[in-house]
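What follows is one structure encoded as structure tokens, with my remarks underneath.
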Amino acid sequence: MVTLAGASLRTQSVRDRGEALALDADRVVVARDEIDMHALPQDRREGESIVVVGVLADEIDAPGCVGSGHGYILTVPPTTGRAALERAEQLPRDQLDSLRREWWEKRTYVYVTPGDELVKRALAGFPDDVRALAGRCRILRPEARSGGGYYSDRNEIELAAGVETYEGLHQVELSACHELFHYVCWNDRRYRADEDQNFPYLRRAVRESRKLLPAFPRYRDWVTGSFLRQGDHANPVEYFADIPTNFRDVAELPGPIRAHFAPLIAGSPLPYDLSRSPDWPVVPAEVTLETFQRWLAGRE
Ligand SMILES: [Zn+2]
């Protein structure tokens, strides 16, 4: 038994890969290296950068992220695990942090949200057609503390089964939402056409919004204070996934960006056909990450 935020939970020891008991609880919980051709081998744990990590999980440092390996998985009924984590998250920040450090020393986490349930939770409130499309995406929950990503070659998402425990119950839904909009960008015929052309319509929306930032303070603060701080990660692909994740009210977005994303957030029609070639000159020098970031920052 382990006591977690006042709840007594029965632990199940994972003695080796062949006995990863979460596999019994949910067939989409898998050891990362069993499914991910890009994953690092289990014996290279320290000092490696981890595989694709959703933007929301990027702040986690690399050592120790790759997998819990020989730890415990608490396979408790989802309601019990969720209630325990909810109680833990009500603690003052420093107490929660030290609790998480203790849990990590024991490689303990609670597995509370199977992938199919996580898809539903992450897409709550989005338009029906978006939920219908993105709802087809499978989310695997690898046995790891953190990390994840959308893999276009498999057309599915991985999100570490430890995210609820170590990053929080809300964070796991935000991370899943972000990854699901990578899936949408790849699988929605309209937006995929823009990506296949290297995002001319998205870039134009960003360019046309660059003088409008002062009127949209929450967007401005997010883009300059958070999004652009990620360096090379602040690219059109990540921006696409972050906008619906971070802005559920399109009124908070500058007009051209609002128009581009409103079909995904508010269910309104797209004002232009993304499959058409741009009818404005696309200068190669403007199709760079540097220009994209400069426009995002509101500069010429
Ligand atoms: Zn991403």
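The values are calculated or read from the model by the stated rules, or taken from the named source; none is laboratory data. This is a predicted model, so every value here is computed, not measured. Using ideal geometry, Cβ is built from the backbone for each residue, glycine included, and neighbour counts are taken over all protein chains shown.
Is it the case that some residue within region 209-219 is modelled with pLDDT of 95 or more, within 17 Å of Ala241 (Cβ to Cβ) and crowded, with 16+ Cβ neighbours inside 10 Å? Checked against the condition, which is being modelled with pLDDT of 95 or more, within 17 Å of Ala241 (Cβ to Cβ) and crowded, with 16+ Cβ neighbours inside 10 Å, region 209-219 yields at least one hit. Being more than 16 Å from the ligand (Cβ to nearest atom) and more than 25 Å from the chain's Cα centre (by Cα) holds for only one residue in Asp273, Asp194, and it is Asp273.
Let's see how each residue does on (1) on the phi > 0 side of the Ramachandran plot; (2) assigned to a helix (DSSP H, G or I); (3) in contact (Cβ under 8 Å) with a residue 24 or more places away in the chain:
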residue: Ala83; (1), (2), (3): no, yes, yes
residue: Ala88; (1), (2), (3): no, yes, yes
residue: Leu96; (1), (2), (3): no, yes, no
residue: Arg100; (1), (2), (3): no, yes, yes
residue: Tyr109; (1), (2), (3): no, no, yes
residue: Arg121; (1), (2), (3): no, yes, yes
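Just one of the numbered conditions (1) touching a Lys or Arg at 6+ places or on another chain (Cβ under 9 Å); (2) surrounded by fewer than 21 Cβ atoms within 10 Å (Cβ to Cβ) is not true of Arg190: (1).
Take the conditions (1) crowded, with 21+ Cβ neighbours inside 10 Å; (2) closer than 30 Å to Leu91 by Cβ; (3) out of contact with any Leu (no Cβ under 6 Å at 6 or more places or on another chain); Ser175 misses just one of them, which is (3). Per this entry, Gly54 is counted among residues that are buried (at least 19 other Cβ atoms within 10 Å of the Cβ), at pLDDT below 60 and under 30 Å from Phe261 (Cα atoms). Which residues, taken from region 216-246, are more than 16 Å from the ligand (Cβ to nearest atom) and either among the acidic types (Asp, Glu) or touching a residue at least 12 places away in the same chain (Cβ under 8 Å) (or both)? Result: Phe216, Arg218, Tyr219, Arg220, Asp221, Thr224. For Ile265, the test of being under 26 Å from Glu173 (Cβ atoms), within 16 Å of the ligand (Cβ to nearest atom), at pLDDT 95 or above and crowded, with 18+ Cβ neighbours inside 10 Å is failed.
Within region 147-162, at least one residue is surrounded by fewer than 24 Cβ atoms within 10 Å (Cβ to Cβ), over 13 Å from the mean Cα position of the chain (by Cα) and within 14 Å of the ligand (Cβ to nearest atom).
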